[in-house]
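Below is one structure, written out as structure tokens; the observations come after it.
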Amino acid sequence: MNDRPFLIKIISRCLPFIGYPRSLNALNCVREAAAEMPEKEE
């Protein structure tokens with residue numbers, strides 16, 4: 001269940017607690033990790 005939309009939703013819900021700059025850092029980490037993952041073949 002650790003796909004990109006799920007992680008973005010979690011980061012969005014944590015935004016008031018961790019702050020905007022840390023949320024941007026977390027989103028950047030998710031983006032970088034998604035870029036390194038192989039594409040799903042369906």
To the nearest 10 degrees, the tilt of helix 20-36 (Cα long axis) against the first principal axis of the alpha carbons of the chain is 10
Dipole size in debye (nearest 20) for the chain around its Cα centre, Lys and Arg Cβ +1, Asp and Glu Cβ -1?
-> 380
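For the chain, what is the mean residue ellipticity at 222 nm derived from helices alone (per DSSP H run of n ≥ 4: -39500 (n - 2.57); sum divided by total residues; nearest 500 deg cm²/dmol)?
That calculation yields -25500 deg cm²/dmol at 222 nm.
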Tally up the carbon and sulfur contribution to the accessible surface of the chain as a whole percent, 1.4 Å probe, everything protein left in place.
-> 59
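The values are calculated or read from the model by the stated rules, or taken from the named source; none is laboratory data. Just so it is clear, the structure is predicted and the values come from calculations on it, not from any experiment. Positions of Cβ are backbone-derived with ideal geometry, glycine not excepted, and every protein chain shown enters the neighbour counts. Just so you know, the surface numbers come from the protein's heavy atoms only, side chains and all, with ligands and any DNA or RNA stripped out. Shrake-Rupley method; radii C 1.70, N 1.55, O 1.52, S 1.80 Å.
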